[in-house]
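See structure below.
Each reported figure results from applying straightforward, stated rules to the coordinates on display, with no laboratory input. Please read all numbers here as calculations on a predicted model, not as lab measurements. Note that each Cβ is placed from the backbone with ideal geometry, even for glycine, and that neighbours are counted across all protein chains shown.
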Amino acid sequence: MPSAFAPGKCILFGEHAVVYGHPAVAVAIDQGVRVSVEESDVWKLEGSPFEPSRHPHISHIIQNIFQYSGPPLDIDVDSSLFSAAGMGSSAALSNAFGAAMFAYINPGEELDTVKLAKIAHSAEATAQKGRASPTDTATSALGGCLVVSGSEEHGTKHVFDTSLETPEGSREWSINAVDIPLGIEGAWLVIGYSGIGSPTGRMVSKVA
């Protein structure tokens, strides 16, 4: 059974303004999403009938990215991330599902992490009405610490560039990696959860 794991993320600086080209610094965390897929008689998601309209990230990857027309699949999702809590749950889901689908369709082949990040970013943009920065998806796909900005940032390692047509016009981003200092393994990142969800699309529209 093909399976893939993708971590969540925490944005240290920048948050939703990164959608409009302002810099953001994000780190991957050890919690995330694992997705498994296997052939089935009918389409299922976590044991229930799969409803494409309710799951735009998954639907986009199936229909638009892989243009999959094979037998129905049983999709299992195991997540340790709170939803709508700023931990990148939808990005982790998109990355994990994209990687699991790739493994199912192309057994034995390795998926490039930059390609995976772009697949997941495309899914996020579709689900969020065209407003989605690549911060969550890139951090989840690449891991480590990233700086996402409208241009390359001094003191970082450039990884890739990407762009998106949004309702406000064309946006471009530079994805840059930051070397994490040795010995930082003993440091802790404490994340507080208020219990009140904030859907990304709605929050981003308020920053516009």
>> I need H158, H57 ordered by Cβ neighbour count within 10 Å, fewest first.
In response: H158, H57
> Which aspartates and glutamates have a Cα less than 14 Å from the Cα of K115, not counting those fewer than 8 places away in the same chain?
Replying inline: D161
>> Only four residue types carry charge here, +1 at the Cβ of Lys and Arg and -1 at the Cβ of Asp and Glu. Report the dipole size of the range 130-177 about the Cα centre in Debye, rounded to the nearest 20.
In response: 120
>> Within a 10 angstrom radius of the beta carbon, how do W188, W43 rank from fewest other beta carbons to most?
In response: W188, W43
>> Among S53, P71, A26, which residue has its Cα furthest toward the positive end of the charge dipole of the range 6-130, with +1 on Lys/Arg Cβ and -1 on Asp/Glu Cβ?
In response: A26
>> At a threshold of 8 angstrom on Cα-Cα distance, excluding pairs fewer than six apart, so keeping six or more, what relative contact order does the range 3-207 reach in percent?
In response: 25
> Where does each of K44, K118, K9 land when they are ranked from fewest to most other beta-carbon atoms within 10 angstrom?
Replying inline: K44, K118, K9
> Under a point-charge model restricted to the Cβ atoms of Lys and Arg (+1) and Asp and Glu (-1), what is the dipole moment magnitude of the chain relative to its Cα centre, in debye to the nearest 20?
Replying inline: 620
> From the list (1) 51, 42, 36; (2) 78, 45, 34; (3) 59, 33, 30, can you say which value of Cα extents along the principal axes in Å was derived from the structure given?
Replying inline: (1)
>> If exposed means no more than 12 neighbouring beta carbons inside 10 Å and the site is in a DSSP loop, what's the longest run of the chain without any exposed GluC sites (Glu not before Pro)?
In response: 47-108
>> For L12, what residues show an amide H to amide H distance below 5 Å, using hydrogens built from the backbone and excluding near sequence neighbours?
In response: V25, A26, V27
> What pairs from K118/K157; K129/K157; K9/K157; K44/K129 go past 23 Å between their alpha carbons?
Replying inline: K129/K157; K44/K129
> Which value in deg cm²/dmol, rounded to the nearest 500, describes the helix-derived mean residue ellipticity at 222 nm for the chain, given -39,500 (n - 2.57) per DSSP H run of n ≥ 4 and division by the residue count?
Replying inline: -7500 deg cm²/dmol
